[in-house]
Amino acid sequence: MPAETAREFEIVIGLEIHAELATESKVFCGCATAFGAAPNTLVCPVCLGLPGSLPVVNRRAVEYAVKAGLALNCEIAPFSKFDRKNYFYPDLPKAYQISQYDLPLGRDGWVEFEAGDEIKRVGIARVHLEEEAGKSVHSGERLLGSEYSLIDYNRGGIPLIEIVTKPDLRSPLDARLFLEQLRAILHYIGVSDVKMEEGSLRCDANISLRPAGSDELGAKTEVKNLNSFRSLERALAYEAERQREMLLRGEPVGGDTRHWDETRGVTVAMRTKEEAHDYRYFPDPDLVPVVVDAAWVDRLRKELPELPRARRDRFVAQYGLPRYDAEVLTGSKELADFFEACAARYGKPKAVSNWIMGEFLRLLKAEGKEVKDVSLSPAAVAKLLELIDQGVLSGSAAKEVFEEMFRTGREPQDIVRERGLEQISDEQALLPVVDAVIEANPKAVETVRGGEMKAIGFLVGQVMKQTRGKANPKLVQNLLRQRLLEG
């Protein structure tokens, strides 16, 4: 947003985040929650809302919702209930969604995130448990412009938590940074796989503008179809500028729900925004209230792992890593676990970090894999680094071995032996090669003897070429210096 917008108006943003919980069965029935099944194959009378079917709450879903509330520093309600949220839409077969209204499981929490050198705090108004709706499959690439839509009810009934923030965010970038931090927290505690590309983490944003210095909230607009962190930031930046221009023209703003068109980079009006009374909430008569006693809460609190920011700070203090390394390594719980397992077996954490942040992440990205998909063991990584320290492997050969280990899970020493990659660190074996390179490159030799030491790198390279990368480069350089400068 242009600087003049910030001077004239203050942006106020609140987010509504939906995260699908990683239970094996749905929240009110026993149907599976697997992603990617054929349409309408993971359904039953309960999640289809057929007459006479009765819901039964999934205890694990309640526990996951409570864990999320605890990780977000919420107060956990000892007594809560389920409500019916009434609205008519094709993906909602009962014409109501089982949700929570006035008595959610968690409320009044907060999350801190970092924006540059500043730590910012966002209030969490509520965390509640509800069921997922079905999925509309459009004939076109997106809702706008499609000729028809089909409905897949497989997703209907999957347990969701809805996390509603207070209007504490003040820029599109802050909204993005906050959502990235929230996603990391939910992933760390294991309650959701938070895959935005599969729809298991979704975000709607409420945004308004008010005169700079004012304490009153402006009329808000809801923005939907925010399917990535980039989409969230771009959509809010566009919407802030759109509202600014309207306010400067004296036009009323807010009260509508808008769709973010990623292709065109604009928001488009969808409908008038509903208010709570439009949904005619009332307690669901088929479900008993949820009672979460103090002992249950304490047990779930003890099960929470170390959260991302705390783990990052520990990596800096315990392992002496640069902050950037620690930030990258703790961005994923699985990656952080892998690093710690490697560091426990090899006593040089920075070297471990370099290999994980370099070759390991490169290969993960190239092959579209996650840490859990790789058979490479921490013990094998430690053994590879020991082979480098022992002079058995050169750096370039080690990368070749690491790639084979990544793809096959084989032990490094077996790969080294099979491919004949042992580094040559025997002076007597290398001296004839060094002498031959000196004789074949008189110009480079004269340059080195004239004091231009950069040219020695060329000669080292020629020796490495002659030995097919097996020569110990430090030893080669020492031998060249002895022959050219000391001999």
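Quick note: the coordinates plus some simple rules give every number you see, no bench work behind them. None of these values were measured; they are calculated from a predicted model. Using ideal geometry, Cβ is built from the backbone for each residue, glycine included, and neighbour counts are taken over all protein chains shown.
Just tell me which lysines come within less than 28 Å, Cα to Cα, of K443; anything on the same chain fewer than 8 places away is out.
K454, K465, K470, K474
Step through the residues of region 197-203 one at a time and calculate ³J(HN,Hα) from phi using the Karplus curve (6.51 cos²θ - 1.76 cosθ + 1.60, θ = phi - 60°), rounding each to whole Hz and writing x for Gly and Pro.
So the J values, rounded to whole Hz, are 5, 9, x, 7, 9, 9, 9.
Hey, what do the phi angles of region 108-118 turn into as Karplus ³J(HN,Hα) couplings, whole Hz, using 6.51/-1.76/1.60 and θ = phi - 60°, x for Gly and Pro?
Once rounded to whole Hz, the list reads 6, x, 6, 9, 9, 9, 10, 10, x, 8, 9.
For K135 and E241, FRET efficiency with R0 = 35 Å and r from the beta-carbon atoms, rounded to 0.05? Write down the numbers at each step before the final one.
Values: r = 32 Å, r/R0 = 0.91.
Plugging the Cβ-Cβ distance into 1/(1 + (r/R0)^6) gives 0.65.
Would you please calculate the Kirkwood hydrodynamic radius of region 43-95 over all C-alpha pairs and express it in Å, rounded to one decimal? Walk me through the numbers on the way to the answer.
Details: mean 1/r = 0.0734 Å⁻¹.
Kirkwood hydrodynamic radius for region 43-95: 13.6 Å.
Compute the FRET efficiency between F79 and A351 as 1/(1 + (r/R0)^6), taking r as their Cβ-Cβ distance and R0 = 35 Å, and round to the nearest 0.05. Write down the numbers at each step before the final one.
Values: r = 53 Å, r/R0 = 1.52.
Working from the Cβ atoms, E equals 0.05.
Given a cut-off of under 8 Å on Cα pairs at least six residues apart, what relative contact order in percent is computed for region 299-390? Present the calculation step by step, with values, prior to reporting the outcome.
Numbers: 58 pairs, mean separation 23.0, N = 92.
For region 299-390, the relative contact order is 25 percent.
Using a 10 Å cut-off on Cβ atoms, rank the peptides 204-210, 171-177, 137-143 from the highest mean neighbour count down. Working shown, then result.
On the way: 204-210: 22.7, 171-177: 20.7, 137-143: 12.1.
Result, highest mean first: 204-210, 171-177, 137-143.
Explain nothing, just compute: Karplus ³J(HN,Hα) = 6.51 cos²θ - 1.76 cosθ + 1.60, θ = phi - 60°, for every residue of region 149-164 in order, whole Hz, x for Gly and Pro.
Whole-Hz 3J(HN,Hα) from phi for region 149-164: 9, 10, 10, 10, 8, 4, 6, x, x, 5, x, 10, 10, 9, 10, 10.
Tell me, what is the percent relative contact order of the chain, built from C-alpha pairs under 8 Å that lie six or more residues apart? Numbers along the way, then the final one.
Numbers: 854 pairs, mean separation 66.6, N = 487.
Answer for the chain is 14 percent.
Under 5 Å between amide hydrogens, which residues at least 5 positions from I424 or on another chain qualify, with H placed 1.01 Å from N in the peptide plane?
Placed amide hydrogens put A471, N472 under 5 Å from I424.
Students often forget the sequence filter, so: which lysines lie under 25 Å Cα-Cα from K135 once same-chain residues fewer than 8 apart are removed?
Answer for K135, where 25 Å is the Cα cut-off: K26, K85, K94, K195, K224, K273, listed by chain and number.
What's the magnitude of the charge dipole for the chain around its Cα centre, counting Lys and Arg as +1 and Asp and Glu as -1 at the beta-carbon? Answer in Debye, nearest 20. Don't skip to the answer; put the middle values down first.
Details: 66 positive and 76 negative charges, 154 e Å.
Approximately 740 debye in magnitude.
With label points built 7 Å along Cα→Cβ from the Cα atoms of V268 and E8, find their separation and express it in nm.
Distance between label points: 2.7 nm.
Say R0 is 30 Å: what FRET efficiency, to the nearest 0.05, do Y324 and E367 get from their beta-carbon distance? Mind dumping the intermediate values first?
Working: r = 24 Å, r/R0 = 0.81.
That pair, Y324 with E367, gives E of 0.80.
Starting at 0 and stepping by 20 Å, how many percent of the alpha carbon pairs of the chain end up in each bin?
P(r) for the chain, in whole percents per bin: 19, 42, 25, 13, 2.
Across every pair of different alpha-carbon atoms, what Kirkwood hydrodynamic radius in Å does region 297-400 reach? Working shown, then result.
Working: mean 1/r = 0.0681 Å⁻¹.
By the Kirkwood definition, the hydrodynamic radius is 14.7 Å.
Compare the Cα positions of M453, V27, G347 along the charge dipole of the chain (+1 at Cβ of Lys, Arg; -1 at Cβ of Asp, Glu; about the Cα centre) and return the one farthest towards the positive end.
About the Cα centre, the residue reaching furthest to the positive side is M453.
In the calculated pair distance distribution of region 439-487, what percentage of Cα-Cα distances lie above 18 Å? It would help to have the intermediate numbers written out before the result.
Numbers: 255 of 1176 pairs.
That fraction is 22 percent.
Considering the Cα trace of region 339-487, what is its radius of gyration and what is Dmax, both in angstroms?
Answer for region 339-487, Rg first and Dmax second: 18.2, 55 Å.
Taking the highest mean first, how do the peptides 81-93, 146-158, 278-290 order by number of other beta carbon atoms within 10 angstrom per residue? If you can, show how the numbers build up before the last one.
Details: 81-93: 16.9, 146-158: 18.5, 278-290: 13.8.
Order by mean packing, descending: 146-158, 81-93, 278-290.
If I model a spin label at E303 and Q477 as a point 7 Å from the Cα along the Cα→Cβ vector, what separation in nanometres do I get?
5.4 nm
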